[in-house]
Structures are given as structure tokens and as C-alpha cells.
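**Q** Before I ask anything, here is the structure I am working with.
Only the coordinates and a few stated rules stand behind these numbers; no lab work does. These numbers come from a predicted model, not from an experiment. Please note: Cβ atoms are built from the backbone with ideal geometry, for glycine as well, and neighbour counts cover all protein chains shown.
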Amino acid sequence: MFNDIGPLELVTIVVLAVLVFGPEKLPKMIQDVTRTIRKIREFSESAKADIREELGPEFKDFEFEDLNPKTFIRKQLDNDELGLKEIRNGFDLKKEMAEVTDAVHGRESETSSSTSSSSSSSSAGSAGGTVDMTKKRGESAPEERPPFDADAT
């Protein structure tokens, strides 16, 4: 229930409880809180049992945890009817990123050297295998305005 509370936070809560309620009322307050939590749990369990009873035998394997979207999606993805595990295992992110980096820098990667050798040599042209990313001004007249792009504004 309190998985994300660390030891320092727990000590802080205990010290604050002693300061607020005092050492004589603190045991009574702890009993009241635990009794309230126990009643809430009992109420929740009885409500779940009533819902299961009302749903009937068609939903005998219904779990309330499935109503949480994260749990539902995780359960559906673990079900390998779609072949998602094969896709997930066949995808190597580091290899794909290396190929993209090589393509951006104009180098050939090991796996795509046979397929992209003709396209990279023709696209590199006279740049010597590298892409020139610097902005160069064209030979336009100084009074000439740049073209207007309505979609860019």
C-alpha cells in the first residue's frame, strides 16, 4: 500500500504525529485509523463480491485489476496472438539508430552497404560523401525579397 514511502519520510510522519496528537493520544489515533482502513477494505471486498455475483457465470474470470488501463494493455500485449513478441524481439534499436546516423553522415552501414551503395554514391555527388548543412546565400539581387510561404506563418 505504501510502497513509495522511504524510511526518512516514515520517520518524519511519526515525529509529526507525536507532535500533533501527543504521546498519550497517539495509540488511540493509530487504533482508529487501522479500524477505519479495515472497514473500508471489508466494504470494498463485499462490493466486489456483490458485483461478481450480479455479473453471473459469464464473467467468472473477471478481475477488477483489468479495469486499470495499464494492466489491461500489459495483459493484452503479453497475449501473443498478434505475434508482437516476434516483432519486439526482431527490432534492434541500437542497430536502427546506427543506420540512421550513418545515413545522416553519408556513411554506409554494414547491413545496408549492398542496398544503399548506389543511392548514397549518387546522392553524395560532388560533396565527397558528406552533406553540407551550412546556409549559403544565393546569387540574388539585394532588393529581391525571399519567396513567401503561406503555410510557414
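**Q** Pop the C-beta distance of ARG88 and GLU63 into the FRET formula with R0 = 25 Å and round what comes out to the nearest 0.05.
**A** With a Förster radius of 25 Å, E is 0.55.
**Q** I need two numbers for region 11-53: Rg to one decimal and Dmax as a whole number, Cα atoms only, in Å.
**A** My reading of the Cα-based Rg and Dmax gives 15.5, 47 Å.
**Q** Further question: Taking Rh as the Kirkwood radius computed over C-alpha pairs, what is the Stokes-Einstein D of region 1-94 at 37 °C in a medium of viscosity 0.692 mPa s, expressed in µm² per second?
**A** Here the translational diffusion coefficient equals 179 µm²/s.
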